[in-house]
Every structure is written in structure tokens, then in C-alpha cells.
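Structure first, commentary second.
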Amino acid sequence: MPLYTLSNTAIAAVPTTSFSAVGLQERGDLQRLLKEHIAIVSPETLVIAEEFGAWDASYRRIDLLGVSRDGSLVVIELKRDDTGAHMELQALRYAAMVARMTFDQAVNAYHSYLSRQPSVVASAQADRRTAATDGRAPGTSREEGRAKLLEFLGWDEPDEAAFAQDVRIVLVAADFSRELTTSVMWLNERDLDIRCVQLRPYQLGDQLLMQVEQVIPIREASEYQVQVREKARQERAGTGGGGADWTRYDLTVGGATLTRLYKRRLVYHAVRHVIEQLDKTPEDIDKVVRHSRLWAWLDGEHTPESFRAGLAALGEDGGPRLDPRRFLTGDGELLHLQGRTYAFTNQWGLNTVPAMDALRAAFPEAEILYEASTDG
């Protein structure tokens with residue numbers, strides 16, 4: 001798409017150029033600048049790694065690895081000019097390699113990334129000097145990185161069930177071949193999420209301009225194409241609807257309203273209200289809510305740390321193997337009842353609404369009211 005200057009006397013085309021012609025390097029310049037302004041090519045994304053290659057027996061590196069607001073991973077591949085042949089295939093390999101990344105692995109990657117950023121390094125050095133002066137211990141970048149990642153996602157705690165459920169791909173180049181765009185459109189029709197963003201440089205005197213355009217899918221059609229892909233996926237799966245979604249809910253119990261709750265929080269707070277206000281037991285909830293395993297429990301009264309350690313020890317002693325990450329075991333989340341400590345499951349998806357309706361029907365006196373949050 002040509003770029004023009006406009007005055008009251010003339011319209012003049014701005015000459016195109018190339019990044020190589022003006023001496024901009026792919027990694028040292030473009031990649032460095034884009035990671036600091038990632039919204040230009042991938043809105044609502046947090047960069048957690050650069051030149052990421054934390055997998056065995058491979059020398060390949062992802063240019064930039066990010067996380068989107070809904071917890072999806074974002075693989076961003078950059079080519080300085082129009083030499084990006086087969087970059088979509090390369091990005092698909094990378095997407096497959098990181099698809100099973102856990103939240104904790106993402107924190108490790110983010111910690112490593114932050115520790116190499118000049119501004120973070122300078123800040124950490126200043127913290128250490130201040131800490132040495134006033135006698136306190138400086139914070140660690142891993143702890144800070146974990147907190148930043150949770151804040152970006154809008155989570156109070158890690159949710160492995162919701163993290164990295166999808167991997168998106170963003171291809172960035174000065175131009176794309178017909179073969180590549182045809183491949184990308186075909187792959188997007190089969191439920192992948194690949195975007196092609198074109199960076200086109202222009203030279204206006206001593207000033208370098210850059211035009212940024214998402215060419216696949218075009219921005220106006222993005223939302224529509226997402227809906228079409230989801231409908232096609234459901235039809236191929238024979239479900240006719242459903243599938244993972246990120247709806248949040250408002251819950252009213254006991255005259256108090258909790259807003260924008262994730263599914264795991266919605267059911268947890270409703271169940272806790274029933275138990276505490278109606279003097280019900282976890283066994284009473286089991287009879288009402290259908291779930292493969294609602295509870296993990298241990299005898300005695302436990303802290304979150306001792307409870308998680310106790311669950312791990314159960315598996316080592318030949319008992320049931322229960323992953324603590326699949327239960328709500330944070331501060332204030334455990335229930336102490338009948339001489340036992342209980343943790344409620346955080347595994348909720350399509351079973352959320354049936355569970356809530358079952359609770360309302362079985363315990364009408366609890367006056368449970370819920371609805372999807374109007375602000376998303």
C-alpha cells in the first residue's frame with residue numbers, strides 16, 4: 001500500500017526502501033525495538049522470552065515468545081525483508097515445541113528474560129545497593145516476574161488448567177509470498193490462529209517511516225473469522241456448541257456479590273457458602289455435583305504448604321496420585337472440617353453451569369444467584 005505526503009498544493013508518493021538498505025539489523029534493531037513495543041504487531045501480549053530455545057536436542061530459537069491476556073502462548077517470528085520462505089512451517093514447529101509449557105516454566109523463562117534486560121539489571125543493582133544500606137533483603141526477579149505475569153493475566157494464582165491451552169503465531173516481515181499467505185489462510189481455516197503483519201519502511205528525507213499492516217487476517221475480519229473457525233471446529237467435532245471459553249461470572253450469595261469470577265472461583269465460592277452457611281459437608285456436595293474428583297483431603301489441620309506436601313507423599317506411599325496444582329490450596333482456600341483438611345478442585349469447564357444449577361436446585365435456601373459478567 002503506497003504512502004503519500006499531502007499538502008494544499010500536491011500529493012507526493014513517499015519512496016519505499018528496505019530495512020537492510022538503511023542498515024537496520026533483524027535481531028539487533030528490529031527485534032529489540034519490537035519487543036519493547038510488542039502491541040504494534042501483537043496487541044494484548046506480554047513478551048516472556050527472546051531467542052527462546054529451552055528444549056532438548058535443538059538449536060532452533062523462537063525470536064519472541066509471549067503470553068496473551070487469555071493465557072495463550074504467542075510465538076512471534078520476524079524476518080527483516082521479504083526472505084521469509086517457509087517461516088510459517090518454522091513457526092509451526094516452534095508452536096508444537098512450546099505447546100505443553102506450564103505456568104511455572106513460563107515464569108522461569110520470564111525470569112531469565114527479565115534478568116537480561118538492561119533496565120531490569122540496573123534496577124536490581126540499585127535494589128541491592130539500597131538493601132545493603134538499610135539491611136533488608138532485595139526481592140528476586142523471579143518473584144517479581146511471577147507477580148507481573150499473574151497481574152497481566154488477571155489471576156490471583158496460577159491456573160494450569162487455563163494456561164497455554166492454545167498457541168498463537170504472529171509472522172512479521174516486510175513482505176509475504178503468495179505461497180506463504182495461501183498456506184496461512186488454509187491453516188487458519190483448520191482452527192490455527194496465525195497472523196501475518198507486514199512492516200514496510202519508507203524514506204522521507206532523513207526520516208525513516210514504517211507502515212504496519214496486519215494482512216492476514218485483515219483486522220476488520222479478525223473477529224468474524226474467529227467465530228467462523230469456532231463454528232467449523234464444533235461442527236467437525238460434532239458438538240454443535242460448547243468448547244473452552246473464558247467467560248467470567250458475577251455471583252451473589254449471602255447478600256454479597258463477587259464479580260468477574262473465573263469458573264473455578266465461581267463454583268468454589270458457591271460450594272463454600274453452602275458448607276459454611278447451611279452446615280453441609282463435602283460429602284453432601286458430592287451427592288449433588290457430578291465431578292470425577294471434587295475434593296482432595298488429609299487428616300488433621302494443615303497449612304497450604306503441609307497440605308501440598310502431604311498430597312505428594314500420598315502418591316509416594318502407594319496412595320492416590322493427586323496433583324496439588326489441580327486443587328485450590330492457596331492461603332485461605334482450604335476447608336477445615338470434621339478433623340480433616342479439604343481442598344476443592346479447580347478443574348472446571350463445560351461442567352460449570354450444570355454444577356451451579358445443581359447447587360441452586362439442591363439448596364434453594366442458599367439463595368445462589370449467578371450470571372455472566374456484562375463487561376466480559
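Of the conditions (1) open to solvent by less than 50 Å² (accessible area, probe 1.4 Å); (2) touching a strand residue (DSSP E or B) at 6+ places or on another chain (Cβ under 6 Å); (3) touching a residue at least 60 places away in the same chain (Cβ under 8 Å), Ala162 clears all except one; give me its number. The one condition Ala162 does not meet is (2). For the stretch 22-36, state whether one or more residues are part of a strand (DSSP E or B) and touching a Phe, Trp or Tyr at 6+ places or on another chain (Cβ under 8 Å). No, the stretch 22-36 contains no residue that is part of a strand (DSSP E or B) and touching a Phe, Trp or Tyr at 6+ places or on another chain (Cβ under 8 Å). So is Pro43 outside any strand (DSSP E or B) and more than 15 Å from Leu171 (Cα to Cα) or not? No: the conditions fail for Pro43.
The set of residues in the stretch 350-376 that are within 30 Å of the chain's Cα centre (by Cα), open to solvent by 30 Å² or more (accessible area, probe 1.4 Å) and among the small types (Gly, Ala, Ser) comprises Ala372, Gly376.
Among the residues of the stretch 72-108, those identified as within 13 Å of Arg61 (Cα to Cα) and open to solvent by less than 10 Å² (accessible area, probe 1.4 Å) are Val75, Ile76, Glu77, Leu78, Met87, Ala91, Tyr94, Val98. Of all residues in the stretch 11-33, those that are free of Cβ contacts under 8 Å to residues at least 24 places away in the same chain, open to solvent by less than 50 Å² (accessible area, probe 1.4 Å) and of a type in the set (Gly, Ala, Ser) total 3.
Going through the stretch 41-56 one residue at a time, which ones are crowded, with 17+ Cβ neighbours inside 10 Å and among the aromatic types (Phe, Trp, Tyr)?
If the condition is that a residue be crowded, with 17+ Cβ neighbours inside 10 Å and among the aromatic types (Phe, Trp, Tyr), then Phe52 is the only one that fits.
Within the stretch 177-193, being farther than 23 Å from Gln165 by Cβ and of a type in the set (Val, Ile, Thr) holds for Thr181, Thr182.
Please verify whether Ile38 is in contact with a Ser or Thr (Cβ under 8 Å, 6 or more places away or on another chain) and either surrounded by fewer than 20 Cβ atoms within 10 Å (Cβ to Cβ) or under 23 Å from Glu88 (Cβ atoms) (or both), treating the condition exactly as stated. Answer is yes for this residue. Working only within the stretch 334-376, note down all residues that are aromatic (Phe, Trp, Tyr) and not in a loop (DSSP other than H, G, I, E, B). Answer for the stretch 334-376, where residues must be aromatic (Phe, Trp, Tyr) and not in a loop (DSSP other than H, G, I, E, B): Tyr342, Phe344, Tyr370.
Checking each residue of the stretch 228-243 against the condition of being open to solvent by less than 70 Å² (accessible area, probe 1.4 Å), under 30 Å from Gly330 (Cβ atoms) and modelled with pLDDT under 90 gives at least one match.
Among the residues in the stretch 34-46, are any of a type in the set (A, V, I, L, M, F, W, C), at positive phi and free of Cβ contacts under 8 Å to residues at least 40 places away in the same chain? Among the residues of the stretch 34-46, not one is of a type in the set (A, V, I, L, M, F, W, C), at positive phi and free of Cβ contacts under 8 Å to residues at least 40 places away in the same chain, which makes the answer no.
Out of Arg100, Arg61, one residue alone is in contact with a strand residue (DSSP E or B) (Cβ under 7 Å, 6 or more places away or on another chain) and at pLDDT below 90. It is Arg61.
The values are calculated or read from the model by the stated rules, or taken from the named source; none is laboratory data. Keep in mind it's a predicted model, so treat the numbers as computed, not measured. We place every Cβ from the backbone using ideal geometry, glycine too, and count neighbours over all the protein chains shown. Only protein heavy atoms, including side chains, enter the accessible area calculation; ligands, DNA and RNA are left aside. Shrake-Rupley method; radii C 1.70, N 1.55, O 1.52, S 1.80 Å.
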